[in-house]
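Asks: Before we start, here is the structure in question, set down as structure tokens.
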Protein chains: 2
Amino acid sequence: MKLTVYFTPLGVTPNAIAGKPVLVIDVLRTTTTIVSALANGAKAVLPAPTAEEALRLAGNLERDAVLLAGERGMQRIEGFALGNSPLEMTSETVSGKTIVMATTNGTGAVVAAEPARPVLIGAVTNFSAAVQRAQAAFEDQGEMIVLCSGRERMFALEDAYAAGRFAQALIPGRQRRSAELNDAAFAALELVRRYGDKWKRAVSASNAARALKGVGLKADVAAATEVDCYSIVPEYAGRLVTLPDRG
Amino acid sequence: MKLTVYFTPLGVTPNAIAGKPVLVIDVLRTTTTIVSALANGAKAVLPAPTAEEALRLAGNLERDAVLLAGERGMQRIEGFALGNSPLEMTSETVSGKTIVMATTNGTGAVVAAEPARPVLIGAVTNFSAAVQRAQAAFEDQGEMIVLCSGRERMFALEDAYAAGRFAQALIPGRQRRSAELNDAAFAALELVRRYGDKWKRAVSASNAARALKGVGLKADVAAATEVDCYSIVPEYAGRLVTLPDRG
């Protein structure tokens, strides 16, 4: 069993992930927001690496069917209907819509995972469901890659701790010695030793959480650390994040 | 006091480091090898991002005065006089020479630090001297950046632990709460909690150490974890790593 953690998408090469299962994490806030959007009835999320690309992609879709969402410097992009808050993704707003989304870190990470199969979207809010889905892929394919979005091209504590929690859940302690872990997976597990199962403590200690609180977005941090609100696991394929039909 | 750790050079932008003090670390093996080369009388090390660039740079220098050194996949580059082993850097071999050097991770990290001032070269083998020099720059300039080379564009345990040791030495525990640490600095300090002051244990646990041992380079790992063999701190400026004249 091989488990590879990336702390940012920068080091990822298409070759390293092609055809392999990848779990993308951006606790604050992109993957949390994507989970909320799809749980509340959005048809799909179309991640874009930049605001310009989001505008271009939205231009190709029917106007009534699309919502632009995104953030730069933690704030809603001017002219976009929505920011990057999970709390904005109410069913009244998003039901039936395709959300074209551009965020500083998270949407780029999802797009970087494109060559992988499957690309699973993980957050605290769908943690147990994501573990279960990742476990199935891990057993099928013999390996798992956890891709953290990081923050402004750097290591982010909240994502690294989440990666550690996924690693812990996917590989029980007694199997960890024989598993092939990269150094980042090992360090992520160290953060779990530090914080145990305290999502709120670990996430609140991060630079991102402090920055969000500093601009009045404390409620987003709280929402992003509510465990297992949803039992869905969105997947990215063919440029869209959707809920796969498991019927 | 602001301390920023980068786990790889990928996230570094010239703007983020211009004019600021940077300590570059590649325990296995580039900065260790550079320290050995200069301690044993090399005139300078000229780091190159690629083997091709190393050849080009060496072509501009007088043939007798230059040695090519470098590695790809842990092995000496074909046609180069030296690999990337600190044990090769004997005074017989390197005294008076300029060493043009290309390694997979480390020389790229040194080159990426170019806009910084000063750029200090840190290793286990010059740890205390590097701490002292970094402390002086930290006090002068009010901040410090620790740049880990990482391994193949990814987080490397040995460099992250070393970054944690530098962070611990630069900011005593009682000042750590009021210091401005980024998430990576915080995670590096967690690794120090795990390994204490056991350089050999921490470095040996890394993917890089295991890979080097696997290709018969165990002696290099041992040499790279000998603490304070040297009291020099090489600096990179004007494209050359040299020992600054502190007379």
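Asks: Please work out if B:ALA69 is touching a strand residue (DSSP E or B) at 6+ places or on another chain (Cβ under 9 Å), buried (at least 20 other Cβ atoms within 10 Å of the Cβ) and either farther than 19 Å from B:ARG239 by Cα or not basic (Lys, Arg) (or both).
Replies: yes
Asks: Among the residues of the stretch A:160-186, count how many are part of a helix (DSSP H, G or I) and open to solvent by less than 10 Å² (accessible area, probe 1.4 Å).
Replies: So the answer is 11.
Asks: Taking the stated definitions as given, is A:ARG153 open to solvent by 50 Å² or more (accessible area, probe 1.4 Å), at the interface with chain B (Cβ under 10 Å from one of its Cβ atoms) and under 30 Å from A:ASN60 (Cα atoms)?
Replies: The answer is yes for A:ARG153.
Asks: What number goes with the only condition from (1) assigned to a helix (DSSP H, G or I); (2) crowded, with 18+ Cβ neighbours inside 10 Å; (3) within 13 Å of chain A (Cβ to nearest Cβ) that B:ILE145 does not pass?
Replies: (1)
Asks: Quick check: is even one residue across the stretch B:236-244 touching a residue at least 60 places away in the same chain (Cβ under 8 Å) and in contact with a Cys (Cβ under 8 Å, 6 or more places away or on another chain)?
Replies: no
Asks: Can you tell which of B:LEU87, B:LEU10, B:LEU23 is touching a Gly at 6+ places or on another chain (Cβ under 7 Å), in contact (Cβ under 8 Å) with a residue 60 or more places away in the chain and surrounded by fewer than 19 Cβ atoms within 10 Å (Cβ to Cβ)?
Replies: Step by step, each of B:LEU87, B:LEU10, B:LEU23 is checked, and only B:LEU10 is touching a Gly at 6+ places or on another chain (Cβ under 7 Å), in contact (Cβ under 8 Å) with a residue 60 or more places away in the chain and surrounded by fewer than 19 Cβ atoms within 10 Å (Cβ to Cβ).
Asks: In the stretch B:201-247, how many residues are in a helix (DSSP H, G or I) and among the basic types (Lys, Arg)?
Replies: Counting residues in the stretch B:201-247 that are in a helix (DSSP H, G or I) and among the basic types (Lys, Arg) gives 4.
Asks: Looking at the stretch B:132-142 only, could you name the residues that are open to solvent by less than 10 Å² (accessible area, probe 1.4 Å) and either in a loop (DSSP other than H, G, I, E, B) or in contact with a Pro (Cβ under 6 Å, 6 or more places away or on another chain) (or both)?
Replies: Selection gives B:ALA137 alone.
Asks: Would you pick out the residues in the stretch A:90-123 that are surrounded by fewer than 21 Cβ atoms within 10 Å (Cβ to Cβ) and among the hydrophobic types (A, V, I, L, M, F, W, C)?
Replies: Once the filter is applied, which keeps residues that are surrounded by fewer than 21 Cβ atoms within 10 Å (Cβ to Cβ) and among the hydrophobic types (A, V, I, L, M, F, W, C), the stretch A:90-123 yields only A:VAL111.
Asks: Being within 14 Å of another protein chain (Cβ to nearest Cβ), under 18 Å from B:ALA130 (Cα atoms), within 9 Å of the chain's Cα centre (by Cα) and crowded, with 20+ Cβ neighbours inside 10 Å: is that true of B:VAL5 here?
Replies: Considered against the rule, which asks whether it is within 14 Å of another protein chain (Cβ to nearest Cβ), under 18 Å from B:ALA130 (Cα atoms), within 9 Å of the chain's Cα centre (by Cα) and crowded, with 20+ Cβ neighbours inside 10 Å, B:VAL5 comes out as no.
Asks: How about the stretch B:190-216: which of its residues are touching a Lys or Arg at 6+ places or on another chain (Cβ under 9 Å), within 20 Å of B:ALA129 (Cα to Cα) and either surrounded by fewer than 16 Cβ atoms within 10 Å (Cβ to Cβ) or within 11 Å of chain A (Cβ to nearest Cβ) (or both)?
Replies: B:VAL192, B:ASP197
The values are calculated or read from the model by the stated rules, or taken from the named source; none is laboratory data. As the structure is a prediction and not an experimental result, all values here were calculated from the model. Neighbour counts run over all protein chains shown; Cβ positions are idealised from the backbone, glycine included. What goes into the accessible areas is simple: the full protein's heavy atoms, side chains included, and nothing from ligands, DNA or RNA. Shrake-Rupley method; radii C 1.70, N 1.55, O 1.52, S 1.80 Å.
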